[in-house]
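These notes are about the structure you will find just below.
The values are calculated or read from the model by the stated rules, or taken from the named source; none is laboratory data. Just so we're clear, the structure is a prediction, and the values are computed from it rather than from any experiment. Cβ atoms come from the backbone with ideal geometry, glycine included; neighbour counts cover every protein chain shown.
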Amino acid sequence: MEKERSKLQGILQCKCPRCRQGDVFEKPAFSLNFAKTYRNCSVCNLKFERTMGFWWSAMYVSYAFTVAHLITVMVAINILTKERPALWVFFTAILGSFIFFVPAYFRYSRVIVLYFLGGTNYTTNPEVWEAQGE
């Protein structure tokens, strides 16, 4: 039997919040279909989209990631350069690095919302899964 994952491991590996074994996403993070999400967990059959429009709340988490990214890049540029660089340097650095992180921000914002706002509790007992009607 596989060793049980902690909540942090489940989030980092994008696993189901209830059984922490099934994948949330169908494709790898750096593929053209990085956003493809399974409807249900392949192990415990948990429905990932809890209610209609459930994923809208992930936009707020993604926004927080984006703001933190923007601030981090701007501070790093100011610290690493002796003179204030031209405005195009900021735009290029922010946009270039942001495009690289879009798949991670998208995925982790959804997984964080699923773990903390999805209303599911971790359990390895299949009888509980059936009792919850999912």
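At a glance:
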| quantity | calculated |
| --- | --- |
| So C44, is it over 13 Å from L114 (Cα atoms) and surrounded by 17 or more Cβ atoms within 10 Å (Cβ to Cβ) | yes |
| Residue in the stretch 35-54 that is modelled with pLDDT under 90, under 30 Å from E4 (Cα atoms), aromatic (F, W, Y) and in contact with a strand residue (DSSP E or B) (Cβ under 8 Å, 6 or more places away or on another chain) present | yes |
| Every residue from the stretch 14-39 that is free of Cβ contacts under 8 Å to residues at least 60 places away in the same chain and among the polar types (S, T, N, Q) | Q21, S31, N33 |
| Selection from the stretch 42-80 of residues that are of a type outside the set (F, W, Y), closer than 30 Å to N125 by Cβ and assigned to a helix (DSSP H, G or I) | S57, A58, V61 |
| Close pairs (8 angstrom Cβ cut-off, 6 or more residues apart or separate chains): at negative phi in the stretch 78-89, surrounded by 10 or more Cβ atoms within 10 Å (Cβ to Cβ) and modelled with pLDDT under 85 anywhere | N78/R84 |
| Contacts under 6 angstrom Cβ, first residue in the stretch 47-59 being over 10 Å from R110 (Cβ atoms), partner part of a loop (DSSP other than H, G, I, E, B) and small (G, A, S), 6 or more apart | R50/G118 |
| Evaluation of R50 against (1) more than 13 Å from the chain's Cα centre (by Cα); (2) surrounded by fewer than 16 Cβ atoms within 10 Å (Cβ to Cβ) (one fails), failing number | (2) |
| Residue tally, condition under 12 Å from S57 (Cβ atoms) and either in a helix (DSSP H, G or I) or touching a strand residue (DSSP E or B) at 6+ places or on another chain (Cβ under 8 Å) (or both), over the stretch 116-127 | 2 |
| Qualifying residue in the stretch 96-107 (condition: without any contact (Cβ under 8 Å) to a residue 60 or more places away in the chain, polar (S, T, N, Q), surrounded by fewer than 17 Cβ atoms within 10 Å (Cβ to Cβ) and within 28 Å of G22 (Cα to Cα)) | no |
| Which listed residue is farther than 13 Å from V111 by Cβ, among the β-branched types (V, I, T) and modelled with pLDDT under 90, from T81, T72 | T81 |
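So that you can scan it fast, the table gives a plain yes or no per residue for (1) more than 22 Å from I112 (Cβ to Cβ); (2) exposed (fewer than 12 other Cβ atoms within 10 Å of the Cβ); (3) among the charged types (D, E, K, R); (4) more than 13 Å from the chain's Cα centre (by Cα):
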| position | (1), (2), (3), (4) |
| --- | --- |
| Q9 | no, no, no, no |
| L12 | no, no, no, no |
| R20 | no, no, yes, yes |
| P28 | no, yes, no, no |
| S57 | no, no, no, no |
| T72 | no, no, no, yes |
| N78 | yes, yes, no, yes |
| R84 | yes, yes, yes, yes |
| V89 | yes, no, no, yes |
